[in-house]
Structures are given as structure tokens and as C-alpha cells.
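The next block holds one structure in the form of C-alpha cells; read it before the comments.
No value in this document is a laboratory result; all are computed from the given coordinates. Here the structure is a predicted model, which is why all the values come from computation and not from measurement. For neighbour counting, all protein chains shown are included, and Cβ atoms are generated from backbone atoms with ideal geometry for every residue, glycine included.
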Amino acid sequence: MKKKKIPFGMPLIDEFEHKAVRNVMSSPQLVHGPKAKKFEEKFGNFIGGKFCVSLNSCTAGLHLSYMYFGIGEGDEVIVPAQSHVATAHAVEYTGAKPIFVDVEKKTGNIDITQIQDRITNRTKAIGLVHFAGLPVDMRPIIKIAKKNNLFVVEDAALALGAKYNNMHVGLLGDVGSFSFYPVKHITTAEGGMLVTKNEKLFKAAMRLKAFGYDKMVGERRTQGLYDVDILGYNFRMNEIQASIGIEQLKKLKGFLRKRKKNSQILRKNLNEFEEIRCLEDGNEIKEHANYCLIIVLNSKLAKQRFEVMKKLKEFGIGTSIYYPGPIPNFKYYRQKYNLKKNHYPNALEISMNSIALPVGPHLDSEDMLYISNCLKNIIFKEK
Ligand SMILES: Cc1ncc(COP(=O)(O)O)c(C=O)c1O
């Protein structure tokens with residue numbers, strides 16, 4: 001086998017992004033300009049929703065959402081134990097307490113059957129995650145949220161392109177947030193987008209992301225004159241980032257097609273290995289965004305997980321781990337809330353025994369074949 005170079009993720013930037021950035025750089029407006037507005041409009045067109053707020057990260061979108069709902073000290077928010085730490089940090093920033101719930105073994109998404117038991121009279125919201133691009137089963141979530149009067153915040157950092165019942169994720173709950181970090185479905189280097197169907201929330205987020213100014217730059221009758229009546233942050237996306245995002249969006253449909261094709265080939269090739277299982281694929285109701293393909297090694301092979309990753313690297317294949325531990329096991333949360341390490345068995349299994357394989361649009365079917373052949377080679381020797 002001829003050695004290939006297969007990075008886990010790679011932003012696909014070409015002359016269009018370069019030109020767009022150069023144009024902004026030679027304009028007088030690097031922030032507060034037309035590019036962020038255009039990116040918001042185009043993003044809204046893509047997902048089928050009109051209220052989008054460009055931000056400097058997905059985390060900022062989650063944080064602003066909880067702020068808008070008035071969530072703070074004394075409140076609780078249900079979150080999955082298996083996610084990026086940002087999912088819980090966004091709750092922490094407000095002074096509220098994240099309440100961790102284990103995930104489903106098959107999907108890595110929050111175990112809906114465990115949510116009701118964790119709801120108390122302090123619970124104000126469910127902050128869910130469409131893990132690795134597979135939509136959460138939203139129908140029962142909305143039912144629980146309605147019954148208990150809870151807000152639903154969708155962390156869609158890894159799920160651009162994912163749909164549930166034909167509706168794009170992010171628009172299914174009260175508010176959603178996307179990430180444009182370099183290895184995501186599209187990138188703006190760093191960046192995020194808050195989306196909502198709620199115009200009031202949209203207007204508030206626009207102010208909260210910019211210090212709480214009562215008038216945006218274009219709305220001021222006298223330049224530099226404004227009042228401030230809320231404690232806003234500086235979470236804005238700048239014009240350079242937005243100009244990259246506009247170009248990336250033009251390629252998104254093609255990116256998603258490639259991701260889907262790559263994932264399907266890899267899943268099919270890996271099917272024959274009894275030592276590993278893939279996290280569940282989408283179906284007619286759940287359109288998967290195929291951020292990566294997560295394989296869970298059986299307990300025997302899992303003991304050699306780092307060895308397997310090292311060997312894949314020697315074959316030129318980049319991998320990753322989503323995520324390095326259930327959030328409640330991270331020192332900050334464990335110590336602050338006196339949490340027990342073994343309370344989240346499925347999250348623990350996924351974080352300790354899994355490897356995330358690349359399926360991004362920088363790769364093709366030959367690469368998928370190469371990955372499965374290399375894995376076969378490694379697993380066979382590890383046995
Ligand atoms: C599920 C999830 N939420 C939030 C984030 C944070 O996104 P950002 O870096 O845009 O704030 C990440 C980052 O990978 C993530 O995986």
C-alpha cells in the first residue's frame with residue numbers, strides 16, 4: 001500500500017476566499033459592515049430560517065441564549081455528559097448549574113429517557129447536542145420541554161446540514177448555535193452563528209453581542225453616540241471572517257455530499273470488523289451531517305486505542321477523539337459539583353474507547369478504502 005496523507009480535517013480555502021479577504025482588507029470597514037449582514041442572510045437561506053446572528057464562536061451563541069432566557073444563579077440546565085466542554089461552560093458562565101445526563105450507547109446523543117428524572121423546580125432549559133452531526137430525536141424533547149416549561153437550546157456545532165423531519169437543526173428548539181472553527185463543515189477561522197425563529201430573541205442577541213448598545217453603528221444619528229442598558233459582551237464576527245463564510249457557504253452543499261458519500265463508504269467497509277462498531281447513521285427522519293465517523297472499539301481492542309491511533313498516524317491517517325472524557329469527569333466539574341466518575345457509563349465508553357475517523361470533503365472514496373485497509377491491517381496484527 002502506498003502511504004497517503006489524510007489529515008483529520010482540513011479547511012478548503014481557495015482563491016475565492018483569498019480574494020474576498022483581500023477586498024475586505026482594502027475596504028475601510030473591518031467590523032460592523034455589510035459582509036456580516038450578508039453572511040447572516042445567506043446562512044438563513046441555507047437553513048431555511050430568517051433570524052441569524054453572526055458571532056465570534058458557537059460558545060458565544062450558547063452563552064447569549066442562556067443570558068437571553070434570564071438563566072442564572074439557582075437555575076439548572078440539563079446537558080449531555082458527552083460533548084465539548086463548551087456545552088456546559090455556556091451554562092456555567094451564567095451562574096446556573098449544568099445537570100449532566102448520560103448519552104445513548106448507539107448514538108452518543110442525550111438519553112432522552114433519563115431527562116425527566118433529572119428535572120427539578122430549578123430546571124430552566126435543556127441544552128442538547130447533535131452529536132457528530134446526528135440529530136437528536138427532537139419530538140420527545142419538545143414534548144418534555146413543553147410539559148415542564150423548559151427552553152430548548154441546540155448546540156449544533158458539529159451539525160451544519162443535519163435535519164430532523166426535514167427541518168434544519170438549530171430551528172427545532174428555541175435557539176441553536178453553529179461553529180465555524182477550522183475543521184467544521186464550513187469555516188471562518190473562528191466563528192459561530194446563532195439561529196432562532198424568535199424575532200425578539202434575535203433582536204436581543206444582536207445587542208447582547210455588541211456591548212448592549214441601544215443603537216448599532218448604522219443606526220446612530222450622531223457617530224459615536226449611544227446608550228447602554230444591558231450588560232452585553234463583545235461577541236461580534238468581523239468582516240474578514242464573514243467574507244470567508246460567504247464563500248464557504250457557496251461550497252457547502254458540495255461539501256455535505258462528499259461527507260455523506262465518504263461516510264457511507266467507510267461505514268460499509270468497516271461493517272465486517274466485529275472488533276468495532278460505528279455510531280448510528282441517519283435515517284429517513286434524521287439527516288446526518290457526517291462531521292466524522294466515530295468508531296467504538298470493543299473492550300479488548302480499546303486497551304490498545306492509543307496504539308491504534310499511533311499506527312494510523314504512521315500510515316498517514318489523522319484521527320481525533322470526541323471527546324476526551326465525559327464533561328462531568330473533567331477536574332473543574334468533578335471538583336466543583338463533587339461528581340462521581342462512573343455515573344455516565346455510555347459517555348465514558350464513547351470517550352474512552354472511540355476513535356473519530358475523517359470523512360471531510362478534502363477526502364475521496366480511495367481515501368476511505370485506504371483507511372479501512374489500514375485499520376484491517378492494524379486490527380489483525382493487534383489480535
Ligand atoms: C459540541 C460542541 N459545542 C461547542 C463547541 C465550541 O465551538 P466554538 O469553538 O465555535 O465555540 C464545539 C467545538 O468543537 C463542539 O464540538
Open item on the list: Can you name every one of the helices (runs of 4 or more DSSP H) wholly within the range 74-169 that holds 3 or more residues which are surrounded by 17 or more Cβ atoms within 10 Å (Cβ to Cβ), touching a residue at least 12 places away in the same chain (Cβ under 8 Å) and in contact with a strand residue (DSSP E or B) (Cβ under 9 Å, 6 or more places away or on another chain)?
Closed with: 85-93, 138-148
- [ ] For residues that are within 15 Å of the ligand (Cβ to nearest atom) and among the aromatic types (F, W, Y), scanning just the range 282-337, find the one that is farthest from S372 (Cα to Cα).
- [x] F330
TODO: Go through (1) in contact with a Phe, Trp or Tyr (Cβ under 6 Å, 6 or more places away or on another chain); (2) away from the ligand (no atom under 16 Å from the Cβ); (3) over 26 Å from V359 (Cα atoms) and name the single condition M138 misses.
DONE: (3)
Task: Restricting the range 178-191 to residues that are surrounded by fewer than 24 Cβ atoms within 10 Å (Cβ to Cβ) and among the hydroxyl-bearing types (S, T, Y), the residue that is farthest from the ligand (Cβ to nearest atom) - done: T187
Task: Number of the exception - V175 against (1) more than 16 Å from the ligand (Cβ to nearest atom); (2) within 30 Å of I321 (Cβ to Cβ); (3) crowded, with 21+ Cβ neighbours inside 10 Å - done: (1)
Open item on the list: I'm trying to understand the selection: among the residues of the range 184-218, which are more than 16 Å from Y68 (Cβ to Cβ), touching a Leu at 6+ places or on another chain (Cβ under 9 Å) and free of Cβ contacts under 8 Å to residues at least 60 places away in the same chain?
Closed with: K215
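Restricting attention to the range 206-232, which residues are of a type in the set (A, V, I, L, M) and either under 26 Å from V21 (Cα atoms) or assigned to a loop (DSSP other than H, G, I, E, B) (or both)?
Answer for the range 206-232, where residues must be of a type in the set (A, V, I, L, M) and either under 26 Å from V21 (Cα atoms) or assigned to a loop (DSSP other than H, G, I, E, B) (or both): M206, A210, M216, V217, L225, I230, L231.
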Open item on the list: Looking only at residues that are part of a loop (DSSP other than H, G, I, E, B) and not basic (K, R) in the range 233-263, which one is surrounded by the most Cβ atoms within 10 Å (Cβ to Cβ)?
Closed with: M237
Open item on the list: Against the conditions (1) in contact with a helix residue (DSSP H, G or I) (Cβ under 9 Å, 6 or more places away or on another chain); (2) more than 16 Å from the ligand (Cβ to nearest atom); (3) part of a helix (DSSP H, G or I), where does V31 fall short? Just the number, please.
Closed with: (3)
